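Read the structure below first, then the notes.
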Amino acid sequence: RKEVEQDPGPFNVPEGATVAFNCTYSNSASQSFFWYRQDCRKEPKLLMSVYSSGNEDGRFTAQLNRASQYISLLIRDSKLSDSATYLCVVNGGAGNNRKLIWGLGTSLAVNP
Amino acid sequence: NAGVMQNPRHLVRRRGQEARLRCSPMKGHSHVYWYRQLPEEGLKFMVYLQKENIIDESGMPKERFSAEFPKEGPSILRIQQVVRGDSAAYFCASSPTPPSSLHTQYFGPGTRLTVL
């Protein structure tokens, strides 16, 4: 089992749609969780941290389920500019808290 | 506050040559990470350094690759005797502390290495 697993997609959605991405992680000791986005041939950029209580930033909502070791990202009212690859990132857990483990990403294409 | 800087942005080398990639972390950041991304693949951790120390090099190939982060100056990722399979985007990231919910990593624009 991969340490961080994501559905690679691609997700093709029309503008204005709501889309959800899921991510599972294998290390129950992981403490820090993030979503990054990466545009084609660019560097990853932090989208948001994911907190235990869930958190929202504008059109983006992140949820964490520690019991199921599952993280989600919800994007409402999709824009063309949301087209990118979304990377789920988890820290290495107890004893290896310094290392971030990266999913392979989920590709999103928002169409006019 | 300037972001993470990497140079060169593009580097072309012939097989057998050496490649040197430089990374200057964000001001105030003492933790540097190098990643490699092969075409159409995910981000792969290579090495984590603090000033003058290699903390975790579990992702570095055993041969030809080395990294340093001296007391003064940028972090350097060095690839000796490059082969075509080394062609990739190499990203550097920095953080002020080890990763946590409060302090994650911020990336430079990457160096795209092409080996002919």
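The values are calculated or read from the model by the stated rules, or taken from the named source; none is laboratory data. Owing to the predicted nature of the structure, the values given are computational and were not obtained by experimental measurement. Cβ atoms come from the backbone with ideal geometry, glycine included; neighbour counts cover every protein chain shown. With ligands, DNA and RNA removed, areas are computed over all heavy atoms of the protein, side chains included. Shrake-Rupley method; radii C 1.70, N 1.55, O 1.52, S 1.80 Å.
Note on B:GLN81 and A:LEU80: the model spin-label points, each 7 Å out from Cα along the C-beta direction, lie 5.1 nm apart.
Note on the protein assembly as shown: Rg/Rh from C-alpha atoms, Kirkwood Rh, equals 0.98. Couplings 3J(HN,Hα) for the stretch A:54-61, derived from phi with the Karplus relation 6.51 cos²θ - 1.76 cosθ + 1.60 (θ = phi - 60°), are x, 8, 10, 9, x, 7, 10, 10 Hz, where x marks Gly and Pro. Starting from the Cα of A:LYS2, step 7 Å toward the Cβ, then list every residue of the stretch B:32-50 with an amide N under 11 Å from that point. Zone members listed by number: B:41-43. Structural descriptor for chain B: relative contact order 36 percent, calculated from alpha carbon pairs under 8 angstrom and at least 6 residues apart. Taking 7 Å steps out from each Cα toward its Cβ at B:GLU68 and B:LYS27 produces label points 2.7 nm apart. Distance between the modelled labels on B:ARG9 and A:SER53, one decimal in nanometres: 4.2 nm (7 Å Cα→Cβ projection).
Along the axis of the charge dipole computed for the stretch B:1-110 (Cβ charges of +1 for Lys and Arg, -1 for Asp and Glu, origin at the Cα centre), the listed residues B:LEU38, B:LEU11, B:ALA88 are led at the positive end by B:LEU11. For A:GLN69 and A:ARG41, what does the FRET efficiency come to when R0 = 22 Å and r is the distance between their Cβ atoms, rounded to the nearest 0.05? Efficiency, rounded to the nearest 0.05: 0.10. Per-residue packing, averaged as other Cβ atoms within 10 Å, sorts the ranges B:71-80, A:18-27 into the order A:18-27, B:71-80, beginning with the highest. When accessible surface is computed with a 1.4 Å probe, chains A and B are found to bury approximately 1800 Å² between them, both chains counted. Excluding residues fewer than 8 places away in the same chain, name every one of the lysines whose C-alpha is closer than 21 Å to that of A:LYS2. The reachable lysines, counting only those whose Cα sits under 21 Å from A:LYS2, are A:LYS99, B:LYS44. If you wrap chain B in the convex hull of its Cα atoms and look at it from every side, the mean projected area works out to 7.1 nm².
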